[in-house]
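Let me begin by presenting the structure, written as structure tokens, before commenting on it.
The values are calculated or read from the model by the stated rules, or taken from the named source; none is laboratory data. Since we're looking at a predicted model, the values are computed, not measured. Here Cβ is always computed from backbone atoms with ideal geometry, including for glycine, and neighbour counts include all displayed protein chains.
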Amino acid sequence: MTDSFDEESEPTVSIKEYLKDVEEQELEADLVLGGDEGKECTYNNGYMKRQAIFSCLTCTPDGNAGICTACSLSCHDGHEIVELWTKRNFRCDCGNSKFGEFFCKLLPGKDVENPENRYSHNFRGLYCSCGRPFPDPDAEEQVEMIQCCVCEDWYHDDHLGLESSDMIPRDEEGEPIYEDFICQCCASVCSFLMLYPPKVFAPVPQKDKAIMKEKEVAENVPLSLGSSEETNGASSSEKCIIGLKLSEAASANTEKSKPMFLCKNWREALCRCPGCVDLYNQKGVAFLLDKEDTIAEYEAMAKQKREMFLEKQSSEFLTKLGQIEKMEILTGIADFKNELQSFLGSVLGSIQGGYF
């Protein structure tokens, strides 16, 4: 009977562990939502550099529209919603012509369409070059996917287009040692990156320890990209800091494009001379020069908003209380902590004493 009870009993979780788990989940949600409280439609903010976007398959099954956090909660509650994490340069579509007779409850007066919005198969709940949903109902095990920082699609490890000898740059614990990933398709658009020194790329481990072919093209480029000021993108002089003609960008990767793994702060090394800036615009990747485009910057801003919100919440709560009530609450918290510590201490002593 005892053995049966032990097998069926669920693992216990301490209050501290539970609260920590709740806090981590709240933080994770805030990082995705960018600190957006979901109270106002973001349409009036225009094409935002980055925001959390959702797709409603109930209203737009073709996946040709995206909605903001507030609209997903207020206008599409109970609908089939696809969470798209974040998208760049996007404006909320809720209630426009793509929704037929459905109007936005928060902000009904919107343009017919948002011509600058871009939609991929992600808006239909499909991902990767294999076009499978996530979670995949046919998969035995759900695996994490990697997002391309250019097209913002997500890819399975097995579908990255790596050579059989290449491996994803990860440390011994399996954590990524790269900051950004560029998929095989977008790598052809960003072939100009092959003109930069190898230091902008995260080292790709190889099973046979062979030298990466991707780096061979850049070996002739000096490791120094000029002064530190130029390397950080502060210079917009006529001189190209990589010291090569842009005409060479087209032939920088004559072989089949391969996915790229970029190191931390690699964007700071991008040349900002007029010629290179024109090239980025022509290829539609000028956003790479914008620090606020990065996920790291987006999450940093989200953390800052979260801290400000929690401080404001605490301040407003205490402001509503009188001096006596404030002292009673603070005293009560202190007493609760002392009693809890005493209780936990007695329980620990009982366990060590063999009573349990």
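Being assigned to a helix (DSSP H, G or I), of a type in the set (A, V, I, L, M), under 18 Å from S188 (Cβ atoms) and over 17 Å from the mean Cα position of the chain (by Cα) is the filter here; which residues of segment 259-293 pass it?
Result: L279, A286.
Of the residues that sit in segment 237-286 and are at pLDDT 85 or above and among the acidic types (D, E), which one is surrounded by the most Cβ atoms within 10 Å (Cβ to Cβ)?
E268
Does C59 qualify as being modelled with pLDDT of 95 or more, in a loop (DSSP other than H, G, I, E, B) and of a type outside the set (K, R)? I'd like the intermediate steps shown before the answer.
Working: modelled with pLDDT of 95 or more: yes; in a loop (DSSP other than H, G, I, E, B): yes; of a type outside the set (K, R): yes.
Yes: the conditions hold for C59.
Among the residues of segment 38-47, is any aromatic (F, W, Y) and surrounded by fewer than 18 Cβ atoms within 10 Å (Cβ to Cβ)?
Looking through segment 38-47, at least one residue is aromatic (F, W, Y) and surrounded by fewer than 18 Cβ atoms within 10 Å (Cβ to Cβ).
List pairs: first in segment 128-151 and surrounded by 15 or more Cβ atoms within 10 Å (Cβ to Cβ), second among the polar types (S, T, N, Q) and part of a loop (DSSP other than H, G, I, E, B), Cβ under 9 Å, 6+ apart or cross-chain?
Hits for this filter: F134/Q142; D136/Q142; C149/T294; C151/S120.
So H76 ticks every box in (1) part of a strand (DSSP E or B); (2) free of Cβ contacts under 8 Å to residues at least 24 places away in the same chain but one. Which box is left unticked?
(1)
Does G100 fit the bill of being modelled with pLDDT of 95 or more and of a type in the set (G, A, S)?
On the way: modelled with pLDDT of 95 or more: no; of a type in the set (G, A, S): yes.
Against the criterion (modelled with pLDDT of 95 or more and of a type in the set (G, A, S)), G100 does not qualify.
Looking at K110 and the list (1) surrounded by 20 or more Cβ atoms within 10 Å (Cβ to Cβ); (2) basic (K, R); (3) within 24 Å of A296 (Cα to Cα), which single condition is not satisfied?
(3)
Which residues, taken from segment 119-137, are in contact with a strand residue (DSSP E or B) (Cβ under 8 Å, 6 or more places away or on another chain), in a loop (DSSP other than H, G, I, E, B) and not hydrophobic (A, V, I, L, M, F, W, C)?
Looking only at segment 119-137, we keep the residues that are in contact with a strand residue (DSSP E or B) (Cβ under 8 Å, 6 or more places away or on another chain), and these are 121-129, 132-134.
Imposing the further condition that a residue be in a loop (DSSP other than H, G, I, E, B) reduces the set to 125, 128-129, 134.
Within segment 119-137, G125, S129 qualify.
With G63, G38 as the choices, which residue is in contact (Cβ under 8 Å) with a residue 24 or more places away in the chain, in contact with a helix residue (DSSP H, G or I) (Cβ under 6 Å, 6 or more places away or on another chain) and under 22 Å from C151 (Cβ atoms)?
Result of the check over G63, G38: G63.
Taking D36 as the residue in question, decide whether it is in contact with a Cys (Cβ under 8 Å, 6 or more places away or on another chain), modelled with pLDDT under 95 and under 23 Å from I295 (Cβ atoms). I'd like the intermediate steps shown before the answer.
Numbers: in contact with a Cys (Cβ under 8 Å, 6 or more places away or on another chain): yes; modelled with pLDDT under 95: yes; under 23 Å from I295 (Cβ atoms): yes.
For D36, the condition - in contact with a Cys (Cβ under 8 Å, 6 or more places away or on another chain), modelled with pLDDT under 95 and under 23 Å from I295 (Cβ atoms) - is met.
Can you name the residue in segment 154-187 that is of a type in the set (G, A, S) and modelled with pLDDT under 95 and is also surrounded by the most Cβ atoms within 10 Å (Cβ to Cβ) among such residues?
It comes out as G161.
Would you check if there is a residue in segment 191-198 being closer than 27 Å to R272 by Cβ, aromatic (F, W, Y) and modelled with pLDDT of 60 or more?
Taking every residue of segment 191-198 in turn, at least one turns out to be closer than 27 Å to R272 by Cβ, aromatic (F, W, Y) and modelled with pLDDT of 60 or more.
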